[in-house]
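Down below is the structure, laid out as structure tokens.
The values are calculated or read from the model by the stated rules, or taken from the named source; none is laboratory data. Keep in mind the model is a prediction, meaning the values are calculated, not measured. Backbone-built Cβ (ideal geometry, glycine too); neighbour counts: all protein chains shown. For accessibility, only protein heavy atoms count, side chains too; no ligands or nucleic acids. Shrake-Rupley method; radii C 1.70, N 1.55, O 1.52, S 1.80 Å.
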Amino acid sequence: MPHRASDSFGSLVFAGDVMLKRLPPDVFMNLQRTVKNGSPLDPAIANTVASAMKDWALEHGATHYCHWFQPLTGTTAEKHDAFLSTTSDGGAIEKFSGSQLIQGEPDASSFPNGGIRDTYEARGYTAWDATSPAFLYRSGAQTTLCIPTVFVSYTGEALDKKTPLLRSIQAVAKHAMRILKIFGADQGVNIITTLGVEQEYFLVDTELASQRPDLTICGRALVGAPAPKGQQLEDHYFGAIPQRVIEFMAEVEQRLFELGVPVKTRHNEVAPGQFEIAPTFENANVAVDHQMITMSVLKETAERHGFMCLLHEKPFAGVNGSGKHNNWSIATDTGINLLDPRDDTHTNMQFLTILCAVIRAVDTHAELLRGSIASAANDHRLGANEAPPAIMSIFLGDMLTDILDQLESGNPKKTMKGGALELGATTLPQLPKHTSDRNRTSPFAFTGNKFEFRAVGSSASVAWPNTVLNTIIADSLDFMATQLEKRAGKNPTQAKLESAVKSLLKEVVKEHRRVCFDGDGYSKAWHDEAKKRGLPNHTSTADAIACFGSKSATELFSRYGVLSKRELEARYGVMVEQYIKILRIESRTLQSMVRTAILPCATRFQAELADAVGATMACDIECPGTSALLREVVGQVEALRTAVAKLEKAEQFHGDHEKEARHYRDVLVPAMLDVRRLCDGLEKVMPADLYPLPTFAELLFSTR
């Protein structure tokens, strides 16, 4: 009989009952104060924790440990060290000390660092993040103890995505606590941000995908004509999951359960071959780590099932792309969601204050929020009738929009109710109706008790978008708390506090509700309206990330201790470099594919057509159709040769990186599209036995 998922949940994680059983009570409680309450880590407990962690890992077959961190590459990194240590008598024992647990030393010059470290300056440090549990990662027959850490330079700057995330969480907690104190919250409460991250992905048959250099190198098809059938019939979405896929999903889920990742849903997505997995909510720091683990498990498990897992935002032109909906909220450590409107929302002044702080944050710092999800890959997806537009706006729904109207008038009096749905058959239940619909075209949508940041790309680490989101919300919470403290004064009466809150919310709503929009984000009318409202619309990464080089961004991140000027400059530099490098890799891959595969096969086809025309002419037989096809193919082949040469030239640029990024956007990307158009035209007329690449039709339906 199959075992229950709960029986193995967290079995490969050094947390909860595992720590309780293996650590002395005082050490366990000490560590829990750091994990649960954010108290400073006591280094005196490190040796005890390390010894218990080592024994547990060895019992599960681990031979090595690593400091597992998230450098600016957007992936994870690890250097494995053996527990084995030799003794003076020529023997060996397994050792793992507190100092090894707390600190490691990877090379800091070999990772992207934006100029913080020169090539000859190699020293960097990893430091144990005790708030995210250590885990055992199994790859084949090997088991490794992975210890989540941060990664900093020898001079102390953050070289990773985790350090600023933790700082930003701390900033939100500090200023949210001020809001709660104003409304009389218990002083013992701690604030956390929570996160649930949906992950969309494609599966394609490994044997087919391995024949395409673009999929193996770039993660997306750089050429390819649309399949005769794509998602037009909308029959794949939520359809029956193919047996081969569900077996893959089951193994993924089992591995994630063992690693403590609370995955909850699985289903077919819109495009053929596209699927989704999503967890329940967790502490944001742990959720970010779990998201990185999920991507790793998806890709590794796919290989064992004969699939290639594609996490790219747009693997196939012409069908739905993949996103990573980032469901963010803020809560107390006692489990109270501060974004829960409750029944009589118009009287819930604490909720409305936090809601208006979020509205102000998104409006004031829309460019930073947009820049946080910018990438060469996400440029293919945003605003393409499958993902939100590049304009940052907030969907609130009917009930909250009505309350905003009341706040703007200065005196909220009622809360709209949802009612019920009658389904017309006595055998069917009456369904409670929400007070608002959902809006899939909104990049930042309120969905009941959280905000869903829908614009995040499927291949991205969610650490950076959440760092930016936390920072801009900390700024607005700071503003709201400061204003209320000034207006209400110390120990205000309920009437004075209510008056101060209403006057502040009225001002904030009036100034910032321009960012609120509940309509169709894809429509031209909204784009025109957004322009009138003064909302920014950066349609490319080259434009969107420029905000991180601004003086205002430097001041914001510095003020809340999230990133220093040097750290932010480094990240901006890395973003620009990554954009350029990704496009350059794609360009060179495309050139190689065309010159070594597509052009030779097209030339062969051209020769076969010429032979056929020559043979018929020798027999005095007219063949106008074949002659016309020959002329068409000759024209396309010559045009393709010219386009590839133009693409190669477009890649050559000498100047600073910011100018190069704009050049690639304006010149290289259009040149790649020209090459693709010609390749796709040839694919449509070439015989199947001559075309050198598996087609979209073969790839998209290879999971059945």
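Brief remarks follow.
- Solvent exposure of the chain, expressed per residue, is 43 Å² of accessible area, with all protein chains present and a 1.4 angstrom probe.
- Volume per residue of the C-alpha convex hull in segment 21-172, rounded to whole Å³: 149 Å³
- The chain: angle of helix 46-59 to the longest principal axis, Cα-based, in degrees nearest 10: 50 degrees
- Positive end of the dipole of segment 55-116 (Cβ unit charges, origin at the Cα centre): among G98, W56, G74, the Cα lying farthest that way belongs to G74.
- Taking each residue as 0.36 nm, the span from K181 to R584 lengthens on full extension beyond its C-alpha to C-alpha distance by 139.9 nm.
- Share of carbon and sulfur in the accessible area of segment 233-313 stands at 55%, probe radius 1.4 Å.
- In sequence order, segment 247-255 has phi-based couplings of 5, 4, 4, 4, 5, 4, 5, 4, 5 Hz under the Karplus curve 6.51 cos²θ - 1.76 cosθ + 1.60, θ = phi - 60°, and Gly or Pro positions carry x.
- Coupling constants for segment 532-537 follow from the phi torsions by the Karplus curve (6.51 cos²θ - 1.76 cosθ + 1.60, θ = phi - 60°), and in residue order they are 5, 6, x, 7, x, 9 Hz; glycine and proline get x.
- Convex hull volume of segment 258-378 per residue (C-alpha atoms, cubic angstrom): 168 Å³
- Taken as Cα centroids, segment 133-206 and segment 625-704 sit 42 Å apart, rounded to the nearest whole angstrom.
- Candidates per trypsin sites (Lys or Arg not before Pro) in segment 215-308, loop by DSSP, up to 15 other Cβ within 10 Å: K229
- Top positive-direction residue, dipole computed over the chain with Cβ charges, set L145, G114, N470: N470
- Long pairs among K299/K581; K324/K450; K181/K264; K551/K649; K181/K506, criterion Cα-Cα beyond 25 Å: K181/K264; K551/K649
- Within segment 433-530, the trypsin sites (Lys or Arg not before Pro) that combine a DSSP coil assignment with at most 10 other C-beta atoms in a 10 angstrom radius are K490.
- Per-peptide packing, taken as the mean over residues of other Cβ atoms within 10 Å, places 372-384, 152-164, 591-603 in the sequence 372-384, 152-164, 591-603 from highest down.
- Rounded to the nearest 10 Å², the accessible area of T34 at probe 1.4 Å: 10 Å²
- Between helix 599-618 and the chain there is an angle of about 30 degrees, using the helix long axis and the longest principal axis of the Cα atoms.
- Taking the protein heavy atoms of segment 627-667 in the context of the full set of protein chains, the accessible area attributed to carbon and sulfur is 53 percent at 1.4 Å.
- Ordering of 388-399, 692-703 by burial proxy (mean other Cβ atoms within 10 Å per residue, highest first): 388-399, 692-703
- Positive dipole terminus of the chain, leading residue within C547, V456, V613 (C-beta point charges): C547
- Rolling a 1.4 angstrom probe over segment 1-158 with all protein chains present gives an accessible area of which 52% lies on carbon and sulfur atoms.
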